[in-house]
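Single-structure report; data block below.
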Amino acid sequence: MARIMKKTMTLLLAVLLLSSGSSYACVGKTLMVGTTGSLQQNLMAQMLSLLITERTGTTVKIVNFKSNEEAHQALLKADLDMYVEYTGVGQVKILGKAAIAEAPELYKAVKDVYNQELNLVWLKPFGFEEKKLAPDGTVAEAAPVVRKDTLKKFPALARLINKLGGKVDTATIHKLEEQSAKGEEQQVKKVARDFLRQNRLI
């Protein structure tokens, strides 16, 4: 009897895995993606939202915040799953630490502290820098910051989002911003979708 039960459970599990249709399946929860409202932030939030929705079928809601600090607090309180942060902002404004000039060193320093002390994970940088947002003019790379428990619930999510790593260099983000000049949500969404399609990400 026990052997039959075990065999039945194994078959059921196989059917469930096959019926999921995607190794990226994150169905059953709405993921919350934050933006601080700038055109650049809105573009990247839409890009993350579309990538996740198109590739996994997961519902994604974009939430607006007044500042990086406010978005960070929402992340800590689990009111948010992820948002795009800048390494210089994270290091100086969020962590209150000294600025670091070298981009790789800055990224590693911020990533380590967020991971060890805040249970937040910095994924791969998109590929562009935003110096005007960096305290003291340091190399502020943009990258998604995600709650660790979100990544535990959806193990394939990091691998999916990291497909954007290095894909959006400085020239590209400026071009995308120009194409989204009016800042209207539908236009921003269209520009983000076109970029993802052109790069065969959706």
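Couple of notes before you dig in:
- Taking label positions 7 Å along the Cα-Cβ direction at both N119 and E184, the computed distance is 4.3 nm, reported to one decimal.
- Looking at the stretch 25-198 alone, DSSP beta bridges between its own residues are antiparallel in about 55 percent of cases.
- L201-A103 FRET efficiency (beta carbon distance; Förster radius 30 Å; 0.05 resolution): 0.80
- At full extension, K148 and K61 could sit 29.5 nm farther apart than now, given 0.36 nm per residue minus the alpha carbon distance.
- Residues of type aspartates and glutamates that K61 reaches as a straight line, Cα spacing below 19 Å, ignoring anything fewer than 8 places off in the same chain: E70, D79, D81, E85, D149, E184, E185
- Its relative contact order, with pairs defined as Cα atoms under 8 Å and 6+ residues apart, puts the stretch 25-198 at 24 percent.
- For the stretch 25-198: rounded, prolate or oblate by the Cα gyration tensor [a/c cutoff 1.5]: oblate
- In straight-distance terms, cross-link reach from K175 covers every one of the lysines whose alpha-carbon lies under 24 Å from its own, apart from those fewer than eight places away in the same chain; here that gives K124, K131, K132, K163, K167, K189, K190.
- Within-9-Å neighbourhood charge of A78 [Cβ basis; K, R +1; D, E -1]: -1
Just so you know, all these numbers are worked out from the coordinates, no wet-lab data involved. Since the structure is predicted, the reported quantities are computational estimates derived from the model, not experimental observations. Please note: Cβ atoms are built from the backbone with ideal geometry, for glycine as well, and neighbour counts cover all protein chains shown.
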